[in-house]
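J.: Dropping a structure here in structure tokens format, bear with me for questions.
The values are calculated or read from the model by the stated rules, or taken from the named source; none is laboratory data. Since we're looking at a predicted model, the values are computed, not measured. Here the Cβ is made from the backbone with ideal geometry for all residues, glycine too, and neighbour counts use every protein chain on show. SASA here: full protein model, heavy atoms, side chains in, ligands and nucleic acids out. Shrake-Rupley method; radii C 1.70, N 1.55, O 1.52, S 1.80 Å.
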Amino acid sequence: QVQLVESGGGLVQAGESLRLSCAASGTIFSANVMGWYRQAPGKQRELVASITSGGSIYYADSVKGRFTISRGNAGNTVYLQMNGLKPEDTAIYYCNLRNRGNFWGQGTQVTVSS
């Protein structure tokens, strides 16, 4: 079993920054993908960014150049540095781990005011 614990959400003004963190514990295999999804009210959950255990990175077009995903040295932590936040970035952000299974964190609220 895998547990994911997120932190770092909050309320900021447009143009400001936030850093989300997600720590994974439990049975984690070396080959995995960690990522961040978000879900705004009335919208489907969407992939924001992901990073494989080999270091391959994906960003949604809407966040390219503003968000940076990274992993901790131990490989069981993932971060999302969000710069230049916009009101349309407002959503609940979920950490995800694909690791012979698909696991989710509880979500952390990010609210960006204009």
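J.: Give, rounded to the nearest 20 debye, the magnitude of the charge dipole that the range 5-108 has about its Cα centre when Lys and Arg contribute +1 at Cβ and Asp and Glu contribute -1 at Cβ.
T.: The calculated dipole for the range 5-108 is roughly 200 debye.
J.: Cut-off 11 Å, label point 7 angstrom out along Cα-to-Cβ of Ala40: give me the residues of the range 93-112 whose amide nitrogen falls inside.
T.: What the label zone holds, given the 11 Å backbone N cut-off, is 112.
J.: Could you give the accessible area per residue of the range 12-114, probe 1.4 Å, as a whole number in Å²? Display every interim value, and only then the final one.
T.: Values: 5260 Å² over 103 residues.
I get 51 Å² per residue for the range 12-114.
J.: So the label point goes 7 Å from the Cα of Thr77 along Cα→C-beta, right? Which residues of the range 18-40 then have their backbone N under 14 Å from it?
T.: Residues 19-25 fall inside that zone.
J.: Roughly how many Å is it from the Cα centre of the range 1-27 to that of the range 65-94, as a whole number?
T.: 8 Å
J.: Another one. Among Thr52, Gln3, Gly107, flag the residue with its Cα farthest along the positive direction of the charge dipole of the chain, charges on Cβ as +1 for Lys/Arg and -1 for Asp/Glu.
T.: Thr52
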